1. Rounded to the nearest 0.05, what FRET efficiency do A:PHE72 and A:TRP31 give with R0 = 51 Å and r taken as the Cβ-Cβ distance? Could you check?
2. Given the options B:ILE290, B:TYR260, B:VAL181, identify the residue whose Cα lies farthest towards the positive end of the charge dipole of the protein assembly as shown (+1 on Cβ of Lys, Arg; -1 on Cβ of Asp, Glu).
3. Could you give the radius of gyration (one decimal) and Dmax (whole number) of the Cα atoms in the range A:222-287, in Å?
4. Fewest Cβ neighbours within 10 Å first, please rank B:LYS212, B:LYS13 accordingly.
5. With +1 on each Lys and Arg Cβ and -1 on each Asp and Glu Cβ, how big is the dipole of the protein assembly as shown about its Cα centre, in debye rounded to the nearest 20?
6. Please compute the Cα-Cα pair-distance distribution of the range B:64-189 with 5 Å bins starting at 0, giving whole percents from short to long.
7. Which residues in the range A:69-107 place their backbone N less than 16 Å from a point set 7 Å from the Cα of A:LYS158 along the Cα-to-Cβ direction?
8. About its Cα centre, how strong a charge dipole does the range A:28-165 have in debye, to the nearest 20, once Lys and Arg get +1 and Asp and Glu get -1 at the Cβ?
Amino acid sequence: MSVHTEEQNENWSEIIEPKTRLLDLRLRELWRYRDLVLMFVRRDFVANYKQTILGPIWFFLQPLLTTITYIFIFGRMAGLSTDGLPMLLFYLSGVTIWNYFAETLNKTATVFKDNAQMFGKVYFPRLTMPFSIVLSNLVRFAIQFLLFLIIWVWYLAKGHNLQPNFLIALTPVLVLLMGLQALGTGMIISALTTKYKDLIFLLTFGVQLLMFATPVIYPMSSIPEQYQWVIQANPMSAIVETFRYSYLGSGTFSWLQLGYSAGVTLVILILGTIIFNRVEKSFTDTV
Amino acid sequence: MSDIVIKAENIGKLYKLGEIGTGTISHDLNRWWARVRGKEDPFTKIGQANDRTVKGDNDWVWALQDINFEVKQGEVLGIIGRNGAGKSTLLKILSKVTTPSTGRIKVKGRIASLLEVGTGFHPELTGRENIFLNGAILGMTKAEIKSKFDEIVDFAGVERYIDTPVKRYSSGMYVRLAFAVAAFLEPEILIIDEVLAVGDIEFQNKCMGRMKDVSINDGRTVLFVSHNMAAISNLCNSLCLLDRGGIEYLGDVEEGVNRYMQYSKTKGVEIINRIAAQNSLLKHELFELISIRLLQDDQEGVEFVTNRDVKIKFLYRVEKTIIGLRIGFDIVELKSGITVFRSFHDDRKESKTHESGEFENTATLPANLLISGSYNLKIVIGIHNVGWITNDEISILIQTHNTTGINSQYADNRPGVILPAIDWVSKKNN
């Protein structure tokens, strides 16, 4: 008892111990390092586009080139349905959203591997790294989303039969949901890959596969009724469908589906943060 | 009690040797199962003390064990020890890069650690951008860095290049900038790992000055790891000598440095005995070093008197004809780290082609050359225009004692790293 009071009196600002409590996420410390998060975001942009001729134009070119490829392969050659929507808009909407999710997931999942050198030399809250990844991809997404909006407005002005509706107001929620979903999933994978690197090989393949399990290149309506639950079990599906429904007026929307997606996101996020925090303390010994 | 800012209690760190891969899942499951049942980790029991020269019989090793110490506010604690004594591990634990396996450390105040300069520098970013990024990584806020910015640039002396990407910097400029950022950190506790060994002499002195400023004038607590005994004696006011993962000595600086030297001396004999026991020191596809023997008056050893010759005998075998093989050594003064000189066997004659076969080459260190002290004899072997065969692998610690040599009749210690016999002519002019 006396030991206990003595320790309290001494006011230690920090105690370094072998293990931490499960839910001690030290979010306050993360907040103290908020400048670092922004600095990482800035670094990503500057470093990526220095010494390129086109610079930030690549932000637009990337989704456009992918969309054009999809139009040719899935639209023209495979003849997949687009729910009667203009192919450009249909694929671009899917690609823009999916790019954000996939990029964030890929980068977050390899965060320990990519930064092992730095993490081994200096301490800062490791969560700053995944957060900065989410943010820098968000900026990229915003720019690419702008491109989508421009083309969307152009189609509207030309009098195409698009039926945007009030659900457009949900856009920020959708963006938040997929950002957090990618973050959570990425953190879980990143933690698992520090010791067993096998997962890294599966990652690219897995993300690709996940895209086909999400209505990116096809509308939900083209899936036979009895198999739709498979696609709907994927929490990304509701996000893509809601997005298309609100801007283009085709597809499906249900609060239930979206609620399910939000619930899964929350679980993944909490799980991911806990696992990440457990691993960050000792990963330098195993990576 | 209240002025203690770091209190380490029973710190230990267990490492797994060898590859992580096969067997680790089963080990992991084993440990996990023990934990679930509330039992002790089954692998901590079999860990052995850390001695890298002796092959252990299992894969787990204690890099640190039973480390207890306290650091007071404003104390500058030097941490010394041979390679592999556990210095870096201790620093890593203190800087939270890794966790201890046992025990805990209680800390008062913000810790910043410099295990390396320029962590997180990005080559594509400009000097200015890197200052902000690096500062933030080290725990400063943007506002703090802004207020220090001019001082940092000034200290590094890179004003002209501040908006140039650092990949265009010379390596010296790069290092200076990196150190400057770190030098202007203002944490309560600063942990430094031999980063002083950078830049030219002028900049090194500047760094030492800055370090003194930080520790003495600002009254900050500093933990400083180094092999440079001069720097340690100069900066620190207490010392921790680590050996094989444990604390060998904790206390007064001078006493600690002496113990470290003493300790190295007895180790030296052990090392040379071990070298002699092995049948080959160094194997290369063309070349095999069989033995090195140090002799004074036909007596083998590593401790010599200063006023007699020391013979260094190299025995080696050449597998195929080599042109330009050069056998040599460096003499490095231990305390200052100064390389006194380097010598090659062909310094004073033309290098001959080595046909295949066994060779003996003997160098004679003249009497009255080295001062009394500790030196590292570093073996340097290379092939001219091809490359080095040795790479710092072999060095022998030697001790010289001035028992009956120059100045031995006086009690004072001569400064310097050599004590040559200089001819003086003295006469009285009438």
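1. On the way: r = 47 Å, r/R0 = 0.93.
Efficiency for this residue pair is about 0.60.
2. B:VAL181
3. 17.1, 52
4. Details: B:LYS212 14, B:LYS13 26.
Final ranking by Cβ density, sparse to dense: B:LYS212, B:LYS13.
5. Working: 74 positive and 72 negative charges, 227 e Å.
Charge dipole, the protein assembly as shown, about its Cα centre: 1100 debye, nearest 20.
6. Using 5 Å bins, I get a P(r) of 2, 10, 18, 19, 15, 13, 11, 8, 3, 1, 0 for the range B:64-189.
7. A:71-72, A:84-93
8. Details: 13 positive and 6 negative charges, 87 e Å.
With only Lys, Arg, Asp and Glu charged at Cβ, the dipole is about 420 debye.
Rule-based calculations on the coordinates, nothing more; no lab input. Because the structure is predicted, anything quoted here is derived from the model rather than measured. Cβ atoms come from the backbone with ideal geometry, glycine included; neighbour counts cover every protein chain shown.
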